[in-house]
1. With the condition kept exactly as written, say whether any residue in the stretch 64-87 is in contact with a Ser or Thr (Cβ under 8 Å, 6 or more places away or on another chain), surrounded by fewer than 16 Cβ atoms within 10 Å (Cβ to Cβ), at pLDDT 95 or above and among the hydroxyl-bearing types (Ser, Thr, Tyr).
2. I'd like the full set of residues that are touching a residue at least 40 places away in the same chain (Cβ under 8 Å), surrounded by 12 or more Cβ atoms within 10 Å (Cβ to Cβ) and out of contact with any Lys or Arg (no Cβ under 9 Å at 6 or more places or on another chain), limited to the stretch 89-116.
3. Return the total of residues in the stretch 7-59 being assigned to a loop (DSSP other than H, G, I, E, B), under 21 Å from His76 (Cα atoms), under 15 Å from the mean Cα position of the chain (by Cα) and not aliphatic (A, V, I, L, M).
4. Of these, Ile26, Ile49, which one is touching a residue at least 60 places away in the same chain (Cβ under 8 Å), over 20 Å from Phe116 (Cβ atoms) and among the aliphatic types (A, V, I, L, M)?
5. Which residue is farthest from the chain's Cα centre (by Cα), if the candidates are limited to the stretch 60-78 and must be more than 17 Å from Val17 (Cβ to Cβ) and either in a loop (DSSP other than H, G, I, E, B) or basic (Lys, Arg) (or both)?
6. Keeping to the stretch 82-114, report how many residues are outside any strand (DSSP E or B) and either touching a His at 6+ places or on another chain (Cβ under 8 Å) or not hydrophobic (A, V, I, L, M, F, W, C) (or both).
7. Counting only residues that are among the aromatic types (Phe, Trp, Tyr) and under 14 Å from Tyr107 (Cα atoms), how many does the stretch 8-45 have?
Amino acid sequence: MQSDIESDDVLISNSFVKCYSNHLVIHLYYFPYGNKKVKYSDISSCQLIPMREMGFTEVKLWVMGLSPIWWHSDMHRNGREYCIILNTNHWPKIGLTMDDKDIINVYHLIKQKIDFNQSKN
C-alpha cells in the first residue's frame, strides 16, 4: 500500500509543476537545479495574483528578489499574466508562474486540496 505522499496519480502536469493527488512537485526550484516537493497539507494559503500587481523588487526569474518569495526558474515570468503565491508557514513563501492557460487550473486544484485538508481539521 502506498503512503499518501508517494501517490503517483498525476492530476496536472506541465513543464513547471506536476500536481499529484497529495502533493505537487515544482520543477527547477532550487538553484542551479533541483525540484521541490510540497504536500498540500503543508500549504496554509494559496493566492492567485495578477503579475501587474507585483513590484519589480518582488519578482525574479529564479531564486529570490528583495521580498520573501522564492521563485522557480521561469525565463518568461515577466510576460505572464498571473502568479501563484503559496504560504507553507515557512520562510520564504513560494512563487509559481507557468503558461497562462495552465495557471488557473493549477490554482483551483491547489485551493481545492488545501480547503479539503483544512476542513478535515
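1. No, the stretch 64-87 has no match at all.
2. Hits for the stretch 89-116 are Leu96, Asp102, Ile104, Asn105, Val106, Tyr107, Leu109, Ile110, Lys111, Lys113, Ile114.
3. Taking the stretch 7-59 first, the residues assigned to a loop (DSSP other than H, G, I, E, B) are 7-9, 14-16, 21-22, 27-35, 43-44, 54-59.
So of that shortlist, the ones also under 21 Å from His76 (Cα atoms) come out as 14-16, 27-35, 54-59.
If we keep only those that are under 15 Å from the mean Cα position of the chain (by Cα) too, we end up with 14-16, 27-30, 34-35, 59.
Now drop any that are not not aliphatic (A, V, I, L, M), which leaves 14-16, 27, 29-30, 34-35.
Residues flagged as assigned to a loop (DSSP other than H, G, I, E, B), under 21 Å from His76 (Cα atoms), under 15 Å from the mean Cα position of the chain (by Cα) and not aliphatic (A, V, I, L, M) within the stretch 7-59 amount to 8.
4. Details: Ile49 fails: touching a residue at least 60 places away in the same chain (Cβ under 8 Å).
After ruling out the rest, the residue left standing is Ile26.
5. Filtering first and then ranking leaves Leu66.
6. In the first step, residues of the stretch 82-114 are kept if they are outside any strand (DSSP E or B); the result is 88-92, 97-114.
From what is left, the residues that are either touching a His at 6+ places or on another chain (Cβ under 8 Å) or not hydrophobic (A, V, I, L, M, F, W, C) (or both) are 88-90, 92, 97, 99-102, 105, 107-108, 111-113.
Total meeting the criteria: 15.
7. Of the stretch 8-45, the ones among the aromatic types (Phe, Trp, Tyr) are 16, 20, 29-31, 33, 40.
Filter again for under 14 Å from Tyr107 (Cα atoms), leaving 16, 20, 40.
Number satisfying all stated conditions: 3.
The values are calculated or read from the model by the stated rules, or taken from the named source; none is laboratory data. This one's a predicted model, so the numbers in the text were calculated from it and none came from an experiment. As a convention, Cβ positions derive from the backbone with ideal geometry for all residues, glycine included, and neighbour counts pool all protein chains shown.
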